[in-house]
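Notes follow the structure.
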Amino acid sequence: MDAAGPSAERFGMLTLVLTASSAAILLGVMAVALYSFRKKRRGHRLPEGVFVGALGLGFPSVALLALLIYALLLSDAWVGRTRTPELTVDAVAAQWGWTFSYPDAPGAPDSENVLHLPAGVPVAFRVTSTDVIHSFWIPRLGGKIDAVPGRINTIMLEADAAGAMGGLCAEFCGVGHSLMDFEVRVHEPDGFAAVLSGLEGA
């Protein structure tokens, strides 16, 4: 819930919406259950169609449809269908580490287990794997996406401000799975190019 980017903020909001919806449904079911245990119900019986039609079919259908539409809109923004990336980063997973390359910065060397990003810039991550299925995840920036051998999956993420945070592999990938975390260093946009050019001597 400690969001550091717009995608993570949307997921935080989705979590709150799902939690509130679940609580409302739980309270409704409990209310109906308590009503059914009342001793004096003669003359107050509700038609069966109300329970089956409105509460059993209508309410769940409307609630689930609303959540589905919201989740689909969130998914479009998450994978970058609604925004244009300003930077592309290739993330390649392998047992037991990550390699990041920066195709939009010619001459910039790859970085091992350290990801460099500019703040306030939408970044398209092209994620793949050289061996087994891994999963690319920076919890404070947003959702995760699988790294699948022979396939490139894309996810759009953005960091709000300069700072440091962690990333990890979120898919069990073997005995060294716990070693597959990486550091994320978010830099001010003006100094990002200089940071990449300085990686050669790092």
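Bear in mind that the values in this text are calculations on the coordinates, not laboratory data. Because the structure is a prediction, the values reported are computed rather than measured. Cβ coordinates were reconstructed from backbone atoms using ideal geometry, including for glycine residues, and neighbour counts include every protein chain displayed.
Under 19 Å from a label point set 7 Å out along the Cα-to-Cβ vector of Glu9, the amide N atoms of the range 113-152 belong to 118-124, 138-144. Look at the dipole of the range 119-202 built from charges on Cβ: of Gly120, Thr130, Val195, the Cα furthest out on the positive end belongs to Thr130.
Say R0 is 22 Å: what FRET efficiency, to the nearest 0.05, do Ser22 and Leu73 get from their beta-carbon distance? Display every interim value, and only then the final one.
Values: r = 20 Å, r/R0 = 0.91.
About 0.65, to the nearest 0.05.
Assign one of three labels to the range 66-202, namely rounded, prolate or oblate, based on the Cα gyration tensor with a ≥ b ≥ c the square roots of its eigenvalues; rounded applies when a/c is under 1.5, prolate when it is not and a/b is larger than b/c, and oblate otherwise. Verdict is oblate for the range 66-202.
Stretched out fully, how many nm does the piece from Asp190 to Ala33 gain, at 0.36 nm a residue minus the Cα gap?
On the way: separation 157, 0.36 × 157 = 56.52 nm, distance 6.09 nm.
Between Asp190 and Ala33, full extension yields 50.4 nm more.
Once the Cβ-Cβ distance between Thr88 and Asp2 is put in as r, and R0 is 25 Å, what FRET efficiency do you end up with, to the nearest 0.05? With R0 = 25 Å, the Cβ-Cβ based efficiency is 0.40.
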